[in-house]
Amino acid sequence: MFTTGFKFFFGLFAAFCVAALAYGYTTGGNHVGPLSLGWKGGVGDHIGYGVLVALAAASLTVSLVLVSFRDADAAAQAHLQNLAEVMTDQPVTPSFWPVVASFGVGATAVGLVLHPMVFVLGLTLVTLALVEWTMDAWADRATGDIEANRELRNRIMAPIEIPVVGALAVGVVVLAASRILLTVSQLEAVTVAGVVSALILGGAWVYATRPGLGRRLMRTLGVVGALLLLIGGVLAAVAGERDFAHHEHETHEEHGEPTGGDHGG
Amino acid sequence: MTLTEPAIADSEASLAAGGADAPSASTQPVATHPVLAQPFVTSDATTVGRLFVVASLLLALGTSVIGALLSFGRTEAVDPADMFGGLNAYFRMWTLYRVSFMLLVVLPLLLGVAMAVVPSQVGAGNLAFPRAALASFWTWKIGALIVVVSVFAGGGWGAVDGVTGNENDAIALTLLGTAMVIVALLVGAVCVATTVISLRQTGMSLLNVPPFAWSMLVSAAVWLFTLPVAIANIVVIYADLRGRPAIAFGRAEGPDIWQQLDWLVEQPAVYLMAVPVLGIVFESVGAAVGGRTSRPEIFAVVVGLFGLLAVGGWAQDYFTAPQDLRDGLVYVAFGLAAVLPIVALAGGAGELVLRGTATPERLLDARTVGAGSALKLLGAAALVGALRVVEPFDLLETAATWAVFHGVVVAGLVAGVTAHLTWPDRLLTGSISQILGRGTVVLLMVGGGLLVVTDLISGFASDDQDLMALALDVNVTFNVINLIGSVLVVAGLAAALAAMATARRTATVTGRRAS
């Protein structure tokens, strides 16, 4: 049950504990100071006592690690798990969540210094990546069949992912489009909205009438359109909204003043 | 019925049906992604290792150029502060050069080599936690980006001539970027160490693992003991820096921040970069001459001892009076004892040569030359380190500190190149030619040697404490020799990158012809 390495280092731990107690009490320790790490009473010479306690802690840690890993002996691990040999080639499917987590950590760090919004975005990315990563890791080990694992994972995550991603996509489109329409002039806004609507309608009509068009082409067009919308939205948000002319009577009404029926604006 | 049961039932039914088309865990192909997407999604340790290697070598080239500019500033041809645009800017580059070579170049270079090589050495199909390995690369990469950008934006590890509000923010970013880089390296080290501990072939005991795998296990343990101390330093500095105004540790207007972190690039922590070098040297010599050691356990003990001497979180003179720390028995003992493992390893390498086939071709093989060069540079660094802690020489807080640093750093770079010569199939798709390999190693070796010698002479010649070594107190000739050393290191790194690119292109062309 207890491995050789564990016994050795646990013995060292016990020896260092005894040595620390002896050293503490013989160098001025009093009450239960050396027993309670100085909580009640003195521990004597701090440096010597500290070194011995640190060595004891290190020995205990090493002993626990060794017993956990069965003395780092692959044969012992295989015996414990009742296997002919320890499996070392379990496939791990490619995943982009580690990269998302890394970018999230980076955004968190930058946001901590520069802007709270970036910080929150970073934390959100890290949380999202950790949840997805955990599910991927679980699914990888569910069965020996990669396809079955993928199905299992999707069965749990797709009902969450699809609505969330859909809502996010709609939110981004609405936000970006509204920024663009609020930045350009009134006439340009009507023109932009009309042209974009016509393009969407035209694209859908072409796709419906010519289903032979490649999926890759449609996907590329979709990505390019989304990028254009996103870049336009960011640029528009940076530029700010256009000046809006407020009707005078509304202002007066807000202040409770009579307008007299002659409206400006 | 649980959620997994239908899928498991399907899987078992498929197996029971004859199994011809039933995939098994080890043979079923994992879904492939486009080549451009590979760096973002890969779960293959070799790919992650190569990413680390290429990125760190590119950063090495940039860092060595900064080093050459710093050396140029010492030639008195130009005022260093004017050259960089002020004393603060000079200080930023001076500190970036040191931190970058350690955290952005040598440690990730050797970690990348380990990720690509160690799994196959211990008989594992892949690295333990391959996704964590990928995350470690990208976290390191983004952290490195934050560090470099923030330093050039006026950040860095403190200043010497006051700071503005924006520079305070940039300094905070530099600190967070540094912490990210360290955490990423630790995650990568944990992946490698766990591979050696838990994924070894059944029947392979820890004493039987190949020397490089063992040296990486020791390195990972030492990094885990030491680097978190730097993170703790950074947390304390950051907390004080962001509190307004900084009251103790985070004072950015003076060099306090750097003084709390400089232990990382000085003895004994500087040897963190050297532990994996021992494994590469031993394996490269063995592979070149075809020899095997008779006593592998001695190598294990030697590397373990050297690793112990590289634990450096305790050697922080900011919190202890320098006289109490540097003149203390432990510090002196660590400095002197570091020579012993290098000497022992040289003896071990000699035994390999004697037991192998020591023909002139094998002794002049690029791998032997590389291993020998790395060992010589490491030996020179350890020797200077031993001289440095001997009180009568009065070399503490002088440029001799950087002689040790340069010796270890260039030894790490040479070891990285030598690893590519020893394990070309794991690190490259083709082999580096002998001439290019030898040329690269010689350039780095001579450059590193000149840096070590001139820094040591500068340390002996300086009349007072001059850690930043703004000028060599000897004569112009030595200053120029120092510059030549820096330029040779730049040339060596450029040659290494060119050699790797050539090897890769040759392999691609050969592969196309074969197909």
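Just so it is clear, none of the values below were taken in a lab; they were calculated from the coordinates. Every value quoted in this text rests on a predicted model; they were computed, and no experiment measured them. Cβ sites come from the backbone with ideal geometry, for glycine too, and all protein chains shown count toward neighbours.
Once the mean of 1/r is taken over each pair of separate Cα atoms and inverted, region B:156-284 shows a Kirkwood hydrodynamic radius of 16.5 Å.
All Cα-Cα separations within the protein assembly as shown were binned at 10 Å from zero, giving a P(r) of 2, 11, 19, 22, 19, 13, 7, 4, 2, 0, 0, 0, each value a whole percent of the pairs.
How would you classify region B:349-505 from its alpha-carbon gyration tensor, with a ≥ b ≥ c the square roots of the eigenvalues: rounded for a/c under 1.5, else prolate if a/b is greater than b/c, otherwise oblate? Here region B:349-505 falls in the prolate category. Computed from Cα atoms, the angle from the helix B:434-461 axis to the main principal axis of chain B rounds to 30 degrees. Across region A:36-76, the residues whose backbone nitrogen lies under 15 Å from the label position 7 Å along the beta-carbon direction of residue A:27 are A:37-38, A:42-56.
Between residue B:363 and residue A:216, the distance separating the two model label sites (each 7 Å from Cα on the Cα→Cβ line) works out to 5.8 nm.
Multiplying the residue separation of residue B:161 and residue B:337 by 0.36 nm and subtracting their alpha-carbon distance yields 59.5 nm. Computed from point charges on the beta carbon alone (+1 for Lys and Arg, -1 for Asp and Glu), the dipole magnitude for region B:370-462 about its Cα centre is near 380 Debye. Placing pseudo-labels 7 Å out from each Cα toward the beta carbon at residue A:51 and residue B:354 gives an inter-label distance of 3.7 nm. In chain B, the longest principal axis of the Cα atoms and the axis of helix B:130-152 are about 20 degrees apart. Of the residues A:170, B:411, B:329, the one whose Cα sits farthest toward the positive end of the charge dipole of the protein assembly as shown, with +1 on the Cβ of Lys and Arg and -1 on the Cβ of Asp and Glu, is B:411. Which part of region B:482-508 falls in the paramagnetic zone of residue B:38, meaning amide N under 18 Å from the point 7 Å along Cα-to-beta-carbon? Under cut-off, by backbone N: B:500-508.
Between residue B:305 and residue B:232, the C-beta separation translates, for a Förster distance of 22 Å, into a calculated FRET efficiency of about 0.25.
How large is the dipole of region B:42-503 about the Cα centre if only Lys and Arg carry +1 and Asp and Glu carry -1, each at its Cβ, rounded to the nearest 20 debye?
Numbers: 20 positive and 29 negative charges, 379 e Å.
That gives a dipole near 1820 debye.
Counting charges near residue B:131 (Lys, Arg +1; Asp, Glu -1) among other residues having Cβ under 10 Å from its Cβ returns a value of -2. The tail of the calculated P(r) for region B:248-317, taken as Cα-Cα distances beyond 18 Å, holds 55 percent of the pairs. The Cβ shell under 11 Å around residue B:288 holds other residues with a net charge of -1, Lys and Arg each +1, Asp and Glu each -1.
With contacts taken as Cα pairs under 8 Å at a separation of at least 6 residues, region A:4-80 carries a relative contact order of 36 percent. Centroid-to-centroid, using Cα positions, region A:18-38 and region A:181-242 are 76 Å apart.
Once you order the gyration tensor axes a ≥ b ≥ c over the Cα atoms, which shape class does chain A get: rounded for a/c under 1.5, otherwise prolate or oblate by comparing a/b with b/c?
Working: a/c = 4.88, a/b = 1.82, b/c = 2.69.
The shape class here is oblate.
For region A:159-259, the calculated P(r) over all alpha carbon pairs, in 5 Å bins from 0 to the bin holding the longest distance, is 2, 11, 13, 17, 15, 14, 10, 6, 4, 3, 2, 1, 1, 0 percent. Distance between the C-alpha centres of region B:319-379 and region B:272-288: 10 Å, rounded to the whole angstrom. Mean separation of Cα pairs under 8 Å and 6 or more residues apart, divided by the residue count, gives chain B a relative contact order of 15 percent. Can you classify region A:4-80 as rounded, prolate or oblate using the Cα gyration tensor, where a ≥ b ≥ c are the square roots of its eigenvalues, rounded means a/c under 1.5, and otherwise it's prolate if a/b beats b/c and oblate if not? Prolate shape, in that a/c is at least 1.5 and a/b is the bigger ratio. Around the Cα centre of the protein assembly as shown, unit charges on the Cβ atoms of Lys, Arg, Asp and Glu (plus for the first two, minus for the last two) sum to a dipole of about 2660 debye. Counts of other chain beta carbons within 10 angstrom of each beta carbon in peptide B:190-198 average 2. Across peptide A:133-143, the average count of Cβ atoms from other chains found within 10 Å of a residue's Cβ is 3.
How much net charge surrounds residue A:100 when only the other residues with a Cβ under 15 Å from the Cβ of residue A:100 are counted, with Lys and Arg +1 and Asp and Glu -1? Walk me through the intermediate numbers first.
Numbers: positive: B:131, B:141; negative: A:132, A:136, A:161.
Its environment carries a net charge of -1.
Could you work out the mean projected area of the convex hull around the alpha carbons of chain B, in square nanometres to one decimal? Walk me through the intermediate numbers first.
Numbers: hull surface 114.7 nm².
Taking the Cα atoms of chain B, their convex hull projects to 28.7 nm² on average.
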